[in-house]
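Throughout, read-outs are computed from the coordinates displayed, never taken from laboratory work. Remember, predicted model here, so these are calculated numbers, not experimental data. FYI the Cβ positions are ideal-geometry reconstructions off the backbone, even for glycines, and counts take in every protein chain you see.
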Amino acid sequence: VSTARRAISVVALAALAAGCGEDPAARLRALGSWAATSAMLGRAWSEHETPRAYTLRALGRARREIGQARRDLTVAPAVPLVSHVEAATRELEAAVGADDRRAARAVAERLADDARALADLAVRSAS
Amino acid sequence: VSQVLELALGIVTAFGGFLEAGSIATSAQAGSEFRYALLWVLALGTLCLVFLVEMSGRLAAVSHHTIAAATRERFGFTFFMLPLTGMVLVSLFTLVAEVGGICIALQLATGISLQWWALPVIGVIWALLWRGNFSFIENGVSMLGLVTVVFIVAAFRQQPRLGEVAAGLVPSLPRHDGARFWFLAVSILGATLTPYLFYFYSSGAVEDGWDEGALGTNRAVATAGMGFGALLAAAVLVVSAGVFGPRGIRIESYDQLALLLTDQLGRWGFALFVASLAIACLGAALEITLALAYMVAQGFGWNWGESVRPRDAARFSATYTVALAVAAVPVALGLDPLRVTNVAMVLNAAALPLAVLPFLVLMNDRDYVGDHANGWFGNVVVLGVTVVACVLALVSLPLELAGG
């Protein structure tokens, strides 16, 4: 009986952890993931590896995900960084829209740095 | 010479037809989040799949029964309705995922939203089924599927450390995100062990008129075809671990997945990924639609056969027409294809016992397979993996849905 009860508790705790979505480290990792996605999209487009229509659509999705995550964020030190990532993703969309590959490359490099900073913050937040 | 050619064709088509939306998506997600740590799950699922496919062909060759027809005959119609209902629901879900995969590939290629592609795609699949025959479906699309070899090329170009890749084949427990690890593990099992695959294989064997002389070919096709096919899924996982893992990208959308090959193949990478996704999903959608119609027609005792003219198997043709129409609706409504794919793969795993347990009874019944009954090892592997996959699916699906 005690083993079964322990197993049920483990499952319930895991369900809470998965369901409540309040883990700030997980949220920061998700933000870092979308920032890194934007960076990769910008780099690939600036190297003529992806079409513009796809790049714009994917950047739009990344910007929406970052914006949503910023609104839900409770880790105060991360807020300026996330706002910067959101603005940089907008800047990247504009560069792709204007067919400016050099500008896109520069923004993508900044976004890659921001993504690494978010990942570091997530690690620190978890520990 | 013709036997060697037949064998080679069988292996090549099994290899070319292995990948589909589920195996591409789940392997890429596993690689991006857990590097090579879930390779052992893919290996375990493949071992089980080799046994199941070989059994399907053996049942057809020895008894001249498909799985559905033999299950109905052996257990009675009332019992048969249980696996039939389960298989139809799960296969419909999987069909939505595959149609979604084709539509997302077209969206990636053209920029036109996937919803707009749902009806044209369904129309093309329906026309291919209506006008084509079994050989065309089995061989033609699978040959096109050889484009997915590009994932192996990319994996080689990436030059991963072989020791680390090999270590992933050793079963291990998660070091972080346990709920997500097991959800992806069961997704991989569901993507590898899709029940429609062995129902389709046994129906194809009956359509091709296999007899006991085909048992050697069957064994070779099941082992080599599925084994090499699993290498494609492993290559997707390895490439994803190298491309997305170090960047910290967790795959939540096909938009992210479309960048999988650009690091290794440059401007060709995007086009080849889109082509691979479209062709792999088209092949799977054709097979699932046919498998659905096979199951229903064989279960109800109707005329059936992809090589039979539609007017001579009207209810069979009507079944796949309805299945396609139903599958178009969620895609046309814009459901997230990656989310549908993940859920469909877990449902496949959850429904495995419905498909596998009666099948195992048949494969140990000498009235059907005579001296070619299963050995103990095959029974243990298939039963063990089926039970584990089902339990994991029933625990992890609610967790993942709750977690969003």
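What nm value, rounded to one decimal, do you get for the distance between B:Trp130 and A:Arg116 when each label is placed 7 Å out toward the C-beta?
Using points 7 Å along Cα→Cβ, the separation is 5.7 nm.
Given points 7 Å out from each Cα along the Cα-Cβ axis, report the B:Ala8 to B:Ala318 separation in nanometres with one decimal.
That separation, rounded to one decimal, is 4.5 nm.
Taking a ≥ b ≥ c as the square roots of the Cα gyration tensor eigenvalues, with a/c under 1.5 meaning rounded and otherwise prolate when a/b beats b/c, else oblate, which class fits the range B:26-163?
It comes out oblate by the Cα gyration axes.
Taking Cα centroids, how far is the range A:49-127 from the range B:203-279 in Å?
Measuring centre to centre over Cα atoms gives 31 Å.
Distance between the C-alpha centers of the range B:133-157 and the range B:336-404? Whole Å please.
26 Å
Between A:Ala98 and B:Thr223, what's the calculated FRET efficiency when r is the beta-carbon distance and R0 is 56 Å? Round to 0.05.
On the way: r = 55 Å, r/R0 = 0.98.
So, using R0 = 56 Å, E works out to roughly 0.55.
With r as the distance between the Cβ atoms of B:Asn139 and B:Leu173 and R0 = 45 Å, compute the FRET efficiency 1/(1 + (r/R0)^6) and round to 0.05. Present the calculation step by step, with values, prior to reporting the outcome.
On the way: r = 42 Å, r/R0 = 0.94.
Working from the Cβ atoms, E equals 0.60.
Add -39500 (n - 2.57) for each DSSP H run of 4 or more in chain B, then divide by its residues: what number comes out at 222 nm, to the nearest 500 deg cm²/dmol?
-24500 deg cm²/dmol
From the phi of every residue in the range B:188-203, what ³J(HN,Hα) in whole Hz does the Karplus formula 6.51 cos²θ - 1.76 cosθ + 1.60 yield, where θ is phi - 60° and glycine or proline is x?
Once rounded to whole Hz, the list reads 5, 4, x, 5, 7, 9, 5, x, 4, 4, 7, 5, 5, 4, 5, 5.
How large is the dipole of the protein assembly as shown about the Cα centre if only Lys and Arg carry +1 and Asp and Glu carry -1, each at its Cβ, rounded to the nearest 20 debye?
Charge dipole of the protein assembly as shown: 1080 debye, to the nearest 20.
Find out how many positive minus negative residues lie around A:Gly97, taking Lys and Arg as positive, Asp and Glu as negative, among other residues whose Cβ is under 14 Å from that of A:Gly97.
Cβ neighbours under 14 Å give a net charge of +1.
Per-residue Cβ counts within 10 Å, from other chains only, averaged over B:252-262: what number is that?
Across B:252-262, the average partner-chain Cβ count within 10 Å equals 5.
May I ask you to order B:238-246, B:224-232 by the average number of other C-beta atoms within 10 Å around their residues, highest value first?
B:238-246, B:224-232
Averaged across the residues of B:171-181, what count of C-beta atoms belonging to other chains lies within 10 Å of each residue's C-beta? Provide the component values of the computation, followed by the final result.
Values: counts 0, 0, 0, 0, 0, 1, 5, 4, 7, 2, 0.
Taking all residues of B:171-181 together, the mean is 2.
Give me a single rounded figure for A:46-52: the average over its residues of other chain Cβ atoms within 10 Å of their Cβ.
5
How tilted is helix B:39-63 with respect to the longest principal axis of chain B? Cα atoms for both, answer in degrees (0 to 90, nearest 10).
20 degrees
Rounded, prolate or oblate: pick one for the range B:307-365, where a ≥ b ≥ c are the square roots of the eigenvalues of its C-alpha gyration tensor, a/c under 1.5 means rounded, and failing that, prolate if a/b is larger than b/c, else oblate.
It comes out oblate by the Cα gyration axes.
Extension gain B:Val361-B:Asp211, at 0.36 nm per residue separation less the Cα-Cα distance, in nm?
Values: separation 150, 0.36 × 150 = 54.00 nm, distance 2.09 nm.
The B:Val361-B:Asp211 span can extend by a further 51.9 nm.
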